[in-house]
Every structure is written in C-alpha cells, then in structure tokens.
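Here's the structure, in structure tokens; my notes come after.
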Amino acid sequence: MVTHGPLRVVFFGTPAFAVPTLDALLGSRHRVVGVVTQPDRPRGRGQRVSEAPVKLRAVAAGIPVLQPASLKPSEFLADLTAFDADLGVVAAYGRILTEAVLAVPRLGMINVHASLLPKYRGAAPVHRAVINGDTETGVTIMRMVVALDAGAMMATVTRAIAPDETSDVVEHDLAHLGVAALLTVIEQLERGSVREEPQDDAQSTYAPRLTKDEGLIDWTLPATAIHNRVRGLYPWPHAYTHLKGSRVIVLKSQVGSDPGSDPGSDPGTVVGISSDGMVVAAGHGTRLKLLELQPEGRRAMTVRDFLAGHPTPIGTHLGSDPGSDPGSDPK
C-alpha cells in the first residue's frame, strides 16, 4: 500500500554520530513523533551524569523522549506503540532491538550503519576499519532484524579513508554522508519500490566495542600497523606506550622513512629526534615518527614540548610498564 502524506517516524539513537540523521528527519516532510535513546549516564573525566547528544537535540526540538533501561518491559512497548509510528529509523542506538520492538512500526525499522556491510557488523565499525588499515568505508542503509546488523541492504554510500585520517574525522563525515541515502530509502519505502539485497553472511566480519586495554602499543608490529592503531583509537581509548614507568599517550604519528641512528635497533628504541618528532624503531625494520604526545595526567603537546620536560635521548626504550601487566589498564 502506498502511503500518502508524511510518514510518522520514531527515531532510535544516542551519540553525536546519530544527530545528523535526526536533523535530516526533522528537516524532511516526515514527522518525528518520538525519540528513543539510552538512559543518562556518567560521562567524561568527572563522571558527571549528563544527557547524550540525541536527547539534547530531541528536547530542543520538542520531541517526546523515551529512555528505557530495558526494551523488554510492557510499559516501554506500550509507550512505543502509542507513537503510532509508520517507520522506525535507527542510528547508533547502542542496543540490539528485540523482535517485539521491531514489529511495532508498520513499515518496520531501518538502520544507518557506518560500514560497507557485511563487513564490520557491530559497535565500532569505523574504528575497526581504520585500525585494520582499510582504504575505503561507507554507510549502509539496512533493514533491522533481530540478528546483529544482518538485515537486507537498501543503499550504500562509499568514502575513501586517507592514510593519516583518524577515526573521529571519518565517523563525522559518515554521519553526514548517509543522510541523503536514508531519505531516498524512506521515499522508496513509502512508494513500495525499495530494493532489498540480502547480505552474504559468509563475508561478514565483526567490529567489537573498543576497550582500554587495546591501546598498549606492541613495538614489534610494523610501523604502519602501529600508526593505524594510533589513528583508529583516537579520540578514545588512545594508543599508548610507557617511558620510564609512566604511561604516554600517542596522539599523532607518521610512518617514517628515516632509519635513524641505528638501522638494527630493537623495536621500541628511540633512534632519531628532530624538531618535529621522535623516530622509534618498530617491527620488521620499520620506523614510526611520533608527532604529538600526552604524558600521564598532562595536556597534549608536540614532541618538542614533551622533550623539554622529559629528556629522551637516542637509545631510550619505550615499552610496557615493567611494574604492571602489559595487558592491564594503566592507571
């Protein structure tokens, strides 16, 4: 059946990535009748309870907001049903939707996912693509099903990943890139003309949520792999190493060609220092140039400023804290 007039849309989303999608829906001819987002949680260094970006935007637009701690209670399903939505749109909500929730909107629910499915199903698709050194990513508009990010694909948009781009830059662009494709798919759903392509499950990969203990740099890896980890773990949880027992976050790096003072140095050894960086030996004879660092408990700084307060002569070894488990979360 072809719908005449604007659709009533319920939106599920939580972080900043989802805000451009919500904005696009608010600016379209369709009507956002409700927003479902995660409960307010402690955030930031001070761990103060604060509202997530989607909630802030919804409240500013005067849209009713639901923040269920669980999607299973009958009270939530009743409130969701009361929106009388034609369609559900999801963007980085942060929780797998139940079959009962998916069945509420009469046209079903669609998702704005930040990868070229079936690659990188899961919570951290952008970061995993950067960590793995992918040169291309994109956004997939897909039908929501109970299985994680496994529904049929309705549209895809691609974007190149530059060698030095960090995950936050890529994610910001993807948040805006998928908007036009989403609105086109919604129009096709309304007309009954949308094409749905099943995913090839055999080609699927998983993008698990990031954890703090992934940040410890393994200097035996090639410089490119370490550089990709620095980019992919920015702006959280960050790649880090240890210098003289203290944790040092590596914020910015560059794959180097300068072999430094000793081409045969062990991985993790400082082999060169210049006005703009510190060259460290990595695995397989490669070199990584550190450009921006953040000492534990301090502000971010250039390597030049770092060296002024932390003399690091050539031959110094960077690596795991000898007083702690290398795999643990350093305090």
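The values are calculated or read from the model by the stated rules, or taken from the named source; none is laboratory data. In this text the structure is predicted, and so the values were computed from the model without any measurement. Here Cβ is always computed from backbone atoms with ideal geometry, including for glycine, and neighbour counts include all displayed protein chains. Surface areas here come from the heavy atoms of the whole protein model, side chains and all, with no ligands, DNA or RNA. Shrake-Rupley method; radii C 1.70, N 1.55, O 1.52, S 1.80 Å.
Couple of notes before you dig in:
- Between A147 and E165, full extension at 0.36 nm per residue minus the direct alpha carbon distance yields a gain of 3.4 nm.
- Label positions at D213 and A100, each projected 7 Å from the Cα along the C-beta direction, are separated by 3.6 nm.
- Here the Karplus relation 6.51 cos²θ - 1.76 cosθ + 1.60, evaluated at θ = phi - 60°, turns the backbone of region 82-94 into coupling constants of 5, 5, 6, 7, 7, 8, x, 10, 10, 8, 6, 5, x Hz, with x for every Gly and Pro.
- Reachable lysines from K252, criterion Cα separation under 25 angstrom, eight or more residues apart if same chain: K212, K244, K289, K331
- Across the protein chains, with a 1.4 Å probe defining accessible surface, the residues S115, S204 rank S204, S115 from largest area downward.
- Rounded to the nearest 20, the size of the Cβ-charge dipole of the chain about its Cα centre is 680 debye, with Lys and Arg at +1 and Asp and Glu at -1.
- With θ taken as phi - 60° and the Karplus curve 6.51 cos²θ - 1.76 cosθ + 1.60 applied, the whole-hertz 3J(HN,Hα) list for region 60-66 is 4, 8, x, 9, x, 10, 10 Hz, x standing for glycine and proline.
- Sequence of S253, S74, S274 from largest to smallest accessible area, 1.4 Å probe: S74, S274, S253
- Dividing the convex hull volume of the alpha carbon atoms of region 66-134 by its residue count gives 93 Å³ per residue.
- Neighbours of I186 by Cβ distance under 13 Å: Lys/Arg scored +1, Asp/Glu scored -1, total +2.
- Residues whose amide H lies under 5 Å from that of L216, counting only those 5 or more places away or on a different chain, are Y240; hydrogens are built 1.01 Å from N in the peptide plane.
- A straight chain from D84 to R195 at 0.36 nm per residue would run longer than the Cα-Cα distance by 37.5 nm.
- With the charge dipole of region 1-134 set up from +1 on Lys and Arg Cβ and -1 on Asp and Glu Cβ about the Cα centre, the Cα lying farthest toward the positive end among the listed residues N132, L25, L71 is that of N132.
- Cross-link reach is defined here as a Cα-Cα straight distance under 25 Å, omitting same-chain residues fewer than 8 places apart; for K55 the lysines meeting it are K72.
- For region 208-216, backbone phi angles converted through the Karplus equation (6.51, -1.76, 1.60; θ = phi - 60°) give residue-by-residue couplings of x, 4, 6, 10, 4, 6, 7, x, 5 Hz, Gly and Pro being listed as x.
- Most to least accessible of E99, E165, E196 (protein chains only, probe 1.4 Å): E99, E196, E165
- Shape index of the chain: Rg/Rh, with Rg the Cα radius of gyration and Rh the Kirkwood radius from the inverse mean 1/r over Cα pairs, equals 1.06.
- Surface calculation, 1.4 Å probe, protein heavy atoms: S275 sits at approximately 90 Å² accessible.
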